[in-house]
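Engineer: Here it is: the structure, laid out below.
Nothing in this text is a laboratory measurement; each read-out follows from the coordinates by a stated rule. Every value quoted in this text rests on a predicted model; they were computed, and no experiment measured them. Cβ placement follows ideal geometry from the backbone for every residue including glycine, while neighbour counts extend to all protein chains displayed.
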Amino acid sequence: MQYAKKNNIHIPECNIFIDEGISGRKAEKRPAFMSMIKKAKEKPKPFDVILVHKFDRFARSREDSVVYKSLLKKDCNIKVISITEQLEEDKFSIILESMLEAMAEYYSLNLSDEVKKGMKEKARRGEMQTRPPLGYKFVNGKVVVDDDEKEIVQLIYNKFVNDNMGYVNIANTLNNMGYHTKNNGLFQSKSIKYILENPFYVGIVRWNRKNRNGVLKDEEKWIVSNGDHEKIIDDYIYHQAIKKIERMKKTKKINHSNEYSHYLSGLIRCAYCKGSMVYKNNQKRYSYFRCRKSSEGACLQRKMIRVSLIEKMMEDKLVEDFNNVLVITKHKKIYMNNQRKFILGKLNKLDNKYNKIKKAYIEDIDSIEEYKVNKSKLSEERKNLIKELENISSISFDEENSILLHNVFTTNEYPIPIRNKIYSSFIDKIEVDVIKKTIQINYYRND
C-alpha cells in the first residue's frame, strides 16, 4: 500500500485479491487470481495496473505468466508491476523479467519435489500424513485410537468374518444402529469394503497408491511400511477378511451380473434420495427396479418395485399427458381457424375500401393528395394483416405424426435402445415412490 500511496495509485478494497493459504502452481486453482482476471476483462476497464510483491506472486508457472500477462496487456491494456523488482520498459527489462520468473518457477518446482521427498520419507517411517481412518484420531500430532469408533470397526470385521454378512447387510445394520462414517454420513457397501481392505488396522501404512485423479497406481510405486500406531484388529481376523474378499471377487467374475438393460434405464429415480434406480432380472420370478444407493446401504428406503407396475403407470401417465396435449392442440386449431377466417374477412373489407377510395378519386370527390394518404393507410393495414396470417399459418400440427408418436410410446415392438432414445429425448427423469406406488414424470421444457 505504501508503493501505491507514493505513486498516487488508488486501490479500492474491492480490487484487492488474495489467495490466502493457496500455493498451487496452476492459475485455475487460485480462485482470487481468476476473479482478478475476470474483473480485468470488464468494460469499462476497472483498473490500469496490477501490483504484486514479486513477479513470482503473480504466477508460479512461466506458461501461466506469459498467457495472462499477454492477455492483460493486449486485450485489457493493463500492466503488471512488481513493487520489489523495478524494471524499465526496454528490451533488457523483458529479458530480466523472464529470468526472474524462470528462477521463481524453478524454486516452485524444486520446492514441490522437496515436499514430495519429505512425504515419502515420512511414509517410509510409517507416519500418517492424511486424516486417519475410522477408529483413529489425531492428538497432539500423533495418531491414537478413538475408542468409540474402534468399536464400529471391530463390529464390521466381526460381522463380515464371523457372522458371514455381506457389505450391504453390514452397512444397513450400522445405519439402523445409528452409527455414522468419519464424514458423518451413512455407511455404504464401498465404505465397508474400504475398511475391510485397509491394512492400517493391523499397523501398516500405505502411501502413494493413487494419482491426483484417484486412479490406482502400479503396486511397485506404493510405499508400504510398518506404522507407529496401535493395532485395533487382530492379524488373523484381517487376513481372513482379505481371503473372503478375494473369494467374492472370483465368484463375481464367474457369475454374470443379473443387471440387464431396460428401455427406462437411466431415467428412473428414487423419490426419497433422488438417486438412480437400477433394473434387476432374477430370471426366475419377476423383474424389478431398486434404488442403487439402497443396494449400497446409502438410502434407507430398500423396497423394490416390479418393472411391470412401473411400465403400466408409465403407459397410463403418458397417455393421459399426451391426450391432454391433443385436447389443447385441438382447441388451438379451432382458435387458429377462427383467427384465420377473421383476418381474411378484414382483408376482404380492405379490398372494398380500396375500391371505394379509388372510385372517389376517379369521380373527383377526393384530391390526389387525399387518395395517396388513404391508399397508404390501407396498404399499411393490409401489410400487418398479411403478417398476422403468415404467423398463424406457420403454426401447424401433424395429426399423423402425433398418432405415430403415441404408438411408439405404447408399443413393445421397437428395440430397447430405440425406445430408450425416444423416451430420453423428451423425459428428464421419472421419480418413483416405491411406498405409495406412484410416479412423477419430469419432461424437458421447450421454452
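Engineer: Using 0.36 nm times the number of residues separating Lys387 and Asn184, minus their current alpha carbon distance, what extension gain do you get? Present the calculation step by step, with values, prior to reporting the outcome.
Structural biologist: On the way: separation 203, 0.36 × 203 = 73.08 nm, distance 6.39 nm.
The span from Lys387 to Asn184 would gain 66.7 nm if fully extended.
Engineer: Given a Förster distance of 51 angstrom, what is the FRET efficiency for Lys375 paired with Asp433, based on the Cβ-Cβ distance and rounded to 0.05? Can you show the working numbers first?
Structural biologist: On the way: r = 68 Å, r/R0 = 1.32.
Calculated value: 0.15.
Engineer: Apply the Karplus parameterisation 6.51 cos²θ - 1.76 cosθ + 1.60, with θ equal to phi minus 60°, to every residue of region 355-360 and state each ³J(HN,Hα) to the nearest whole Hz, in sequence, with x for glycine and proline.
Structural biologist: 4, 5, 5, 5, 5, 5
Engineer: Using modelled backbone amide H atoms (1.01 Å from N, in-plane), which distant-in-sequence or interchain residues come within less than 5 Å of Tyr136's amide H?
Structural biologist: HN-HN under 5 Å from Tyr136: Asp146.
Engineer: A further question follows. What ranking of Tyr238, Tyr179, Tyr286 emerges when the number of other C-beta atoms within 10 Å of each C-beta is taken as an exposure proxy, fewest first? If you can, show how the numbers build up before the last one.
Structural biologist: Details: Tyr238 21, Tyr179 18, Tyr286 13.
Final ranking by Cβ density, sparse to dense: Tyr286, Tyr179, Tyr238.
Engineer: Listing Lys38, Lys353 from the residue with the fewest other Cβ atoms within 10 Å to the one with the most, what is the order?
Structural biologist: Working: Lys38 9, Lys353 15.
The order, fewest Cβ neighbours first, is Lys38, Lys353.
Engineer: Pop out the ³J(HN,Hα) list for region 423-438 in order, Karplus 6.51 cos²θ - 1.76 cosθ + 1.60 with θ = phi - 60°, rounded to Hz; leave Gly and Pro as x.
Structural biologist: Once θ is set to phi - 60°, the couplings for region 423-438 become 4, 5, 6, 10, 10, 7, 7, 10, 8, 10, 9, 6, 7, 7, 6, 10 Hz.
Engineer: Going through the cross-link list Lys54/Lys142; Lys159/Lys250; Lys29/Lys249; Lys356/Lys383; Lys249/Lys293, which pairs have a Cα-Cα distance over 29 Å in this structure? Kindly include the intermediate steps, with their values, before the conclusion.
Structural biologist: Numbers: Lys54/Lys142 38 Å; Lys159/Lys250 21 Å; Lys29/Lys249 39 Å; Lys356/Lys383 19 Å; Lys249/Lys293 21 Å.
From Lys54/Lys142; Lys159/Lys250; Lys29/Lys249; Lys356/Lys383; Lys249/Lys293, over 29 Å: Lys54/Lys142; Lys29/Lys249.
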